[in-house]
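Just so it is clear, none of the values below were taken in a lab; they were calculated from the coordinates. Quick caveat: nothing in here was measured; it's all calculated off a predicted structure. For neighbour counting, all protein chains shown are included, and Cβ atoms are generated from backbone atoms with ideal geometry for every residue, glycine included.
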There are 2 protein chains.
Amino acid sequence: MDTRVAIIEDDASIREAVRQLIDGTRGFRCSGAWRTAEEGLRSVGAAQSDVLLLDIHLPGMHGTDAAALFHAQWPAMPIVMFTVFEDDERIFTSLCNGASGYVLKKTPPQKLLDAIVEARSGGAPMSPDIARRVVQLFRTIRPAAAPPHGLTPTEVRLLGLLAEGHSYQAAAERMEVTINTVRNHIRSIYEKMHVHSKSAAVGKALRAGII
Amino acid sequence: MDTRVAIIEDDASIREAVRQLIDGTRGFRCSGAWRTAEEGLRSVGAAQSDVLLLDIHLPGMHGTDAAALFHAQWPAMPIVMFTVFEDDERIFTSLCNGASGYVLKKTPPQKLLDAIVEARSGGAPMSPDIARRVVQLFRTIRPAAAPPHGLTPTEVRLLGLLAEGHSYQAAAERMEVTINTVRNHIRSIYEKMHVHSKSAAVGKALRAGII
DNA sequence: CGTCCTATGACATGAACATGCTCTTCTCAA
DNA sequence: TTGAGAAGAGCATGTTCATGTCATAGGACG
């Protein structure tokens with residue numbers, strides 16, 4: 001299954017260039033490209049995207065704010081900020097608002113594709129400069145460390161999809177496995193978390209900061 | 001000029017393997033390899049290293065604590081944690097203590113060399129899993145502004161019970177109403193929240209800070 | 001004084017879930 | 001190199017859920 005990428009970018013030439021890069025690469029497909037966050041918010045859900053590329057400087061709502069709305073509505077869809085800005089404020093806000101990656105527009109095409117793949121597989125793609133700043137920002141803050149949960153990455157991803165409201169069948173399609181495999185993962189999640197229902201697992205996972 | 005790498009790692013076989021990897025690669029040179037942080041602290045300065053590879057599980061002082069001492073004494077020398085641990089606590093402590101990278105021991109040799117180069121050039125090399133965790137830690141410090149949700153107190157209470165894993169029947173008993181009433185409340189919760197399942201409602205409610 | 005909203009209760013039915021088994025493949029550490 | 005653990009896949013069975021439709025009673029509001 002192709003990786004479906006949605007793009008929100010106001011500069012038409014950049015937008016089309018990225019779209020062509022994505023549609024022109026095996027294994028990738030552009031599921032939609034919009035000029036503003038507002039337009040994307042109305043359409044990106046229907047587009048069933050795996051990853052969202054989100055510009056920051058947009059007409060209307062800023063990308064940093066839009067990230068929060070997209071993340072609230074589709075928490076399982078990784079958001080990769082795609083911008084020229086590399087100031088701490090925007091990086092910090094974006095990541096706090098739910099973005100999972102942050103790549104600069106000067107990133108070469110292949111690296112951008114790598115970042116999309118990394119984001120889809122649950123990673124956190126960042127341009128080197130950004131990664132450095134993130135680590136530096138880290139030293140200035142004190143987030144609460146989550147306790148170890150013993151869940152595998154697959155199980156965490158599945159939990160995320162369940163929290164979004166997916167059925168077993170829908171989650172299986174997203175994860176590209178059969179429903180039986182999903183059942184088994186759920187089974188081990190329940191064992192590890194000591195729960196016996198989807199909603200209990202989702203509740204516990206969110207409160208524990210696992211997802 | 002070669003990139004001079006110092007290693008602190010208690011496992012002799014790993015230590016020697018890394019030393020050979022580094023010394024066997026053009027452009028890299030091992031400037032020293034020690035078994036404990038204490039030994040390293042006495043020698044690494046003289047060794048004039050560009051990058052320090054620091055294990056966490058060490059006899060004597062832990063790598064996470066040692067990072068603070070190394071960073072205080074040689075602030076310009078990037079420290080890359082090199083470990084099997086990927087729990088939030090150790091990641092968090094290491095980065096706060098001055099480490100600028102965090103790579104897992106399962107990292108393939110070429111990637112490890114890449115990480116060293118990236119660290120030397122001011123970057124923040126991190127294994128994909130680690131980068132993901134770092135970004136997730138960021139999200140925990142988001143100041144959540146609770147938007148109005150339109151749910152009645154009864155509905156919120158019911159949502160709380162569902163999030164704890166109660167079934168309709170169990171929730172009905174807790175609320176001292178019949179299961180049919182619970183069904184009807186759930187129905188209006190779903191309408192207001194635009195969801196169609198318990199887990200979706202619980203997921204959305206927790207992320208929105210309703211419960 | 002109607003009427004909108006909330007809370008309450010009921011019945012029915014098809015879909016989704018929870019959990020009991022068995023099985024293969026792969027990786028990694030002992 | 002063997003064995004444990006994780007991921008993946010399948011099947012069966014009983015339970016719970018999601019949603020349709022219908023109904024009564026008490027506040028709130030203009």
Practice item. Report the charge-dipole magnitude of the stretch A:41-185 in Debye, nearest 20, computed about the Cα centre from +1 at each Lys and Arg Cβ and -1 at each Asp and Glu Cβ. Key: 160 debye
Review point. By the gyration tensor of its Cα atoms, with a ≥ b ≥ c the square roots of the eigenvalues, what is the shape of the stretch A:67-126: rounded for a/c under 1.5, prolate for a/b over b/c, or oblate?
Key: oblate
Practice item. With a ≥ b ≥ c taken as the square roots of the eigenvalues of the C-alpha gyration tensor of the stretch B:1-119, please select rounded if a/c is under 1.5 and otherwise prolate if a/b is larger than b/c or oblate if it is not? Key: rounded
**Study point:** Shielding of A:115-122 by partner chains, average beta-carbon count, 10 Å
**Key:** 1
Review point. Which far-off residues, 5 or more places away or on another chain, put their amide H under 5 Å from the one on A:Thr3, with H placed in the peptide plane?
Key: A:Phe28, A:Arg29
Exercise for review: Measure off 7 Å from each Cα along the Cα-to-Cβ vector at B:Tyr190 and B:Gln110, then give the distance between these two points in nanometres to one decimal.
Suggested key: 5.2 nm
Practice item. Please report Rg over Rh for the protein assembly as shown, where both radii come from the alpha carbon positions and Rh follows the Kirkwood definition. Key: 1.01
Review point. Long-range amide H contacts for A:Ala33: which residues qualify at under 5 Å (H placed 1.01 Å from N, peptide plane, sequence gap of 5 or more or a different chain)?
Key: A:Ile7
Revision key, fill the gap. Expressed as a whole-number percentage, the relative contact order of chain A with C-alpha contacts under 8 angstrom and at least six residues apart is 14 percent
Check your understanding: Restricting to lysine pairs 8 or more places apart or on different chains, what number in the protein assembly as shown have Cα atoms under 17 Å apart?
Key -> 7
Study note, to complete from the structure: Exposure-ranked with fewest Cβ neighbours within 10 Å first, A:Glu39, A:Glu176 stand as A:Glu176, A:Glu39
Review point. If we count other beta carbons within 10 Å of each Cβ, what is the order of A:Ser197, A:Ser49, fewest first?
Key: A:Ser197, A:Ser49
**Study point:** B:Met175, A:Met77 arranged by Cβ crowding within 10 Å, fewest neighbours leading
**Key:** B:Met175, A:Met77
Review point. For the stretch A:102-211, what does the alpha-carbon gyration tensor say about shape, rounded, prolate or oblate, given a ≥ b ≥ c as the root eigenvalues, a/c under 1.5 as rounded, and a/b over b/c as prolate?
Key: oblate
Practice item. Rounded to the nearest Å, what's the spacing between the alpha carbon centres of the stretch A:39-94 and the stretch A:14-32? Just the number, please. Key: 17 Å
Practice item. Would you calculate a helix-derived [θ] at 222 nm for the protein assembly as shown, using -39,500 (n - 2.57) for each DSSP H run of n ≥ 4 and dividing by the full residue count, to the nearest 500? Key: -15500 deg cm²/dmol
Exercise for review: Name the residues whose placed amide hydrogens come within less than 5 Å of the amide hydrogen of A:Met126, ignoring near sequence neighbours (fewer than 5 apart) on the same chain.
Suggested key: A:Tyr102
